[in-house]
Amino acid sequence: MRHTYRLPGLTFDPGTIVFSPGITSALQISSALREYIDHFLECHLATDFGVISRSTRFENTLAALLDSGHLTSRYFLPHDICPPHSGLIITTYLDERTTTIRFASEQE
């Protein structure tokens, strides 16, 4: 089982927040989804990258230290929030100064 770890002291600029087409559509039908997105975005910005692999955690740390590359977070959504989607991925592209939020089932 993977655990979440916060990396204190690492800050980064999320830039412009961009929702995927799936997120945009789901927000129109699920009022509770917005609260989860807000919460998980706060976690991402606080360097709590959710449930990710050790190698992704290393890549995130390196990218934040170098202020280059991308940071990826993965969080699980309760099944009743937006079926059939169960995962949310937040990716900050440091070089482009953008952050995308998408369902795990959507292509990047």
Exercise. In the stretch 78-106, which residues are within 14 Å of the chain's Cα centre (by Cα), surrounded by fewer than 19 Cβ atoms within 10 Å (Cβ to Cβ) and assigned to a loop (DSSP other than H, G, I, E, B)?
Worked result: Ser86, Ala104, Ser105, Glu106
Problem set entry | Filter result (more than 20 Å from Gly9 (Cα to Cα), outside any helix (DSSP H, G or I) and open to solvent by less than 30 Å² (accessible area, probe 1.4 Å)) within the stretch 26-52 | Ser30
Problem set entry | Condition check for Glu59: farther than 20 Å from Glu108 by Cβ and either without any contact (Cβ under 8 Å) to a residue 60 or more places away in the chain or among the charged types (D, E, K, R) (or both) | no
Exercise. Counting only residues that are outside any loop (DSSP other than H, G, I, E, B) and open to solvent by 50 Å² or more (accessible area, probe 1.4 Å), how many does the stretch 53-67 have?
Worked result: 7
Exercise. For His70, which of the numbered conditions (1) at pLDDT below 95; (2) surrounded by 13 or more Cβ atoms within 10 Å (Cβ to Cβ) fails to hold?
Worked result: (1)
Exercise. If Asp13 passes every condition in (1) in contact (Cβ under 8 Å) with a residue 60 or more places away in the chain; (2) surrounded by 14 or more Cβ atoms within 10 Å (Cβ to Cβ) but one, which one does it miss?
Worked result: (2)
Exercise. Name the pairs: first residue in the stretch 38-54 and in contact (Cβ under 8 Å) with a residue 12 or more places away in the chain and under 17 Å from Arg102 (Cβ atoms), second residue open to solvent by 50 Å² or more (accessible area, probe 1.4 Å) and in a strand (DSSP E or B), Cβ to Cβ under 7 Å, at least 6 apart or on different chains?
Worked result: Gly50/Arg74; Val51/Arg74; Val51/Phe76; Ile52/Arg74
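The values are calculated or read from the model by the stated rules, or taken from the named source; none is laboratory data. Source: prediction; values computed, not measured. When we count neighbours, we look across all protein chains shown, and the Cβ atoms used for this are built from the backbone with ideal geometry, even at glycine. The protein model used for the area step is the full one, side chains on, heavy atoms only, and it has no ligands, DNA or RNA in it. Shrake-Rupley method; radii C 1.70, N 1.55, O 1.52, S 1.80 Å.
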